[in-house]
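Report on the structure given below.
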Protein chains: 2
Amino acid sequence: MPYELHYWPMIQGRGEFVRLALEQAGADYVDVARLPHEDGGGIDAMMERLDAEPVRAPFAPPFLKDGDLVIGQTANILLYLGPRLGLVGASEADRIWTHQIQLTIADMVTEAHDTHHPVANGLYYEEQKPEALRRAAEFRENRLPKFLGWFERVLARNPAGPRHLVGDALSTADLSLFQLVDGLRYAFPTATARALEATPRVAALVQTVGRLPRVAAYLASERRLAFSENGVFRRYAELDG
Amino acid sequence: MPYELHYWPMIQGRGEFVRLALEQAGADYVDVARLPHEDGGGIDAMMERLDAEPVRAPFAPPFLKDGDLVIGQTANILLYLGPRLGLVGASEADRIWTHQIQLTIADMVTEAHDTHHPVANGLYYEEQKPEALRRAAEFRENRLPKFLGWFERVLARNPAGPRHLVGDALSTADLSLFQLVDGLRYAFPTATARALEATPRVAALVQTVGRLPRVAAYLASERRLAFSENGVFRRYAELDG
């Protein structure tokens with residue numbers, strides 16, 4: 001039975017971290033909300049399905065269904081999928097470290113999102129623009145270099161070498177770091193280029209992941225949605241610099 | 001060898017979620033940064049220790065040391081401790097659901113924090129007060145009822161009954177929900193009381209957890225720090241209502 005991914009059908013968003021892992025593993029999965037309406041696709045059907053979940057309904061999309069099991073929270077989905085997709089080390093120490101990196105990526109995703117929505121998710125960007133200008137400046141000057149610097153350090157100190165975040169094999173964390181940096185490059189091209197100059201190992205890892213045959217094929221396919229001003233990473237020229 | 005918890009010594013903060021689990025389990029642990037300076041306590045020693053960590057240094061406190069293993073990210077620490085402290089179910093389904101709830105609690109903690117720091121953690125509250133007023137209003141009116149409503153639903157739909165979030169036994173998620181609501185009551189007494197009227201199962205769980213003998217003894221001890229305007233949950237009258 002294929003994995004079912006349930007996520008907003010028009011954006012990469014947080015669902016993209018799950019999509020990338022499924023794609024790189026060549027997993028059998030259905031991106032349910034992107035199906036035609038008559039096959040159960042669409043946002044309304046997804047939200048009805050979430051609400052109708054009898055017992056363990058997640059707080060919000062994305063969620064994954066694997067048979068009877070329903071799993072929410074992006075990092076938690078990847079924690080579940082990691083061993084099944086061969087995208088995490090076998091030892092508990094490797095798994096807990098991979099997940100720690102995953103949660104730090106999730107923190108940075110939230111901070112990147114909040115640059116354009118610093119007051120409320122329910123308001124438009126235009127309704128919180130003065131606040132966004134302040135928060136984005138802080139993000140560019142302090143948080144972006146600090147987070148990327150931490151990933152650089154993780155790579156530099158990996159005893160197995162800087163080609164992967166954990167050990168000597170590709171993990172969900174590598175794939176998610178690719179997606180994070182790809183999003184940052186879209187949203188903050190100037191600030192991200194500057195930060196990556198100081199973090200060459202991060203830049204190299206991102207390039208390597210983007211060229212993995214399955215990842216590259218996915219990125220070139222119609223399954224890969226474009227970045228847009230509806231997603232987590234949004235390009236507003238006034239927020240970059 | 002006792003567990004070592006490393007966290008800011010003057011606040012409850014995110015470290016408190018770990019402290020509560022260790023306390024309820026009667027675990028042998030040392031709250032290292034709260035030791036006297038000559039025994040390795042203090043903030044400077046903690047940050048030096050974090051920076052000197054040769055390989056897998058977390059992004060920020062709290063972090064836990066268990067022998068050679070160093071674990072960061074609050075929810076990740078609890079994921080690691082859950083089975084060791086008897087604070088999570090045995091099945092993978094229970095563990096992944098408990099962790100999903102834990103991550104949703106973590107999301108709400110971040111949102112509660114950002115009510116007083118909507119622009120930058122590195123600025124004082126007084127430097128971002130107009131933004132804080134807007135974000136806090138949004139939090140009180142939308143996010144607080146939405147999150148507590150989700151926990152209420154989790155309790156209402158638990159097939160084992162509403163006494164616990166997962167199954168019929170105490171878990172790290174129950175303890176963390178206690179801490180979350182305790183913090184919300186401190187920071188937003190009026191708005192939280194209003195939200196809890198609509199979520200009686202959450203209110204009952206929080207009361208039950210607070211009366212567990214070990215939790216109650218901990219809360220009455222000197223080990224329990226007071227809430228303050230240096231922590232995650234801060235009481236500024238103008239942000240409540």
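The values are calculated or read from the model by the stated rules, or taken from the named source; none is laboratory data. What you are looking at is a predicted structure, and each value in this text was computed from that prediction instead of being measured. Methodologically, a virtual Cβ is constructed for each residue, glycine included, from the backbone with ideal geometry; neighbour enumeration extends over all protein chains shown. Only protein heavy atoms, including side chains, enter the accessible area calculation; ligands, DNA and RNA are left aside. Shrake-Rupley method; radii C 1.70, N 1.55, O 1.52, S 1.80 Å.
Using the Cβ atoms and a cut-off under 10 Å, what net charge is assigned to the surroundings of residue B:233, where Lys and Arg are +1 and Asp and Glu are -1? Result for the local shell: 0.
What separates the residue B:122 label point from its copies, with the point 7 Å along Cα to Cβ, is 3.3 nm, written shortest first.
Put a plus charge on the Cβ of each Lys and Arg, a minus charge on the Cβ of each Asp and Glu, and nothing anywhere else: the dipole of the protein assembly as shown about its Cα centre is then about 100 debye.
Take residue B:54, push a point 7 Å out from Cα through the beta-carbon direction, and compare it with the same point in every other copy: 5.4 nm, smallest first. Taking all protein chains together and rolling a 1.4 Å probe, residue A:44 ends up with roughly 110 Å² accessible. Once A binds B, the 1.4 Å probe can no longer reach about 4400 Å² of accessible area, counting both sides.
For the protein assembly as shown, the Cα-based Rg and Dmax, in that order, read 21.5, 69 Å. How big is the antiparallel share of DSSP beta bridges in the protein assembly as shown, given as a percent to the nearest 5? Rounded to the nearest five, the antiparallel share is 70 percent. The distance linking region A:174-203 with region A:43-96 is 26 Å (Cα centroid to Cα centroid, whole angstrom).
Ellipsoid semi-axes for chain B, based on the Cα gyration tensor and the rule √(5λ), read 27, 25, 16 Å when sorted largest first. Compute accessible area for region B:111-140 by itself and then with all protein chains, 1.4 Å probe, and report residues whose area falls by 10 Å² or more. Residues of region B:111-140 that lose at least 10 Å² of accessible area once the other chains are added: B:114, B:118, B:119, B:120, B:121, B:123, B:127, B:131, B:134, B:135, B:138. Just check region B:3-85 against the gyration tensor rule for me: Cα atoms, a ≥ b ≥ c as the square roots of the eigenvalues, rounded for a/c under 1.5, and otherwise prolate or oblate depending on whether a/b exceeds b/c. Cα axes put region B:3-85 in the oblate bin. A full extension of the chain between residue A:222 and residue A:27 corresponds to an added length of 68.5 nm, given 0.36 nm per residue minus the alpha carbon distance.
Taking all protein chains as they are arranged and a probe of 1.4 Å, the heavy atoms of residue B:37 leave approximately 150 Å² accessible to solvent.
For chain B, the share of accessible area belonging to carbon and sulfur comes to 51 percent (1.4 Å probe, ligands and nucleic acids excluded). Using only DSSP helix segments of four residues or longer, with each worth -39500 (n - 2.57), what per-residue ellipticity at 222 nm results for the protein assembly as shown after dividing by its residue count and rounding to 500? For the protein assembly as shown, the value works out to -16000 deg cm²/dmol. Each copy carries a label point for residue A:193 at 7 Å from Cα along the beta-carbon vector; from one copy to the others these points are 5.6 nm apart, nearest first.
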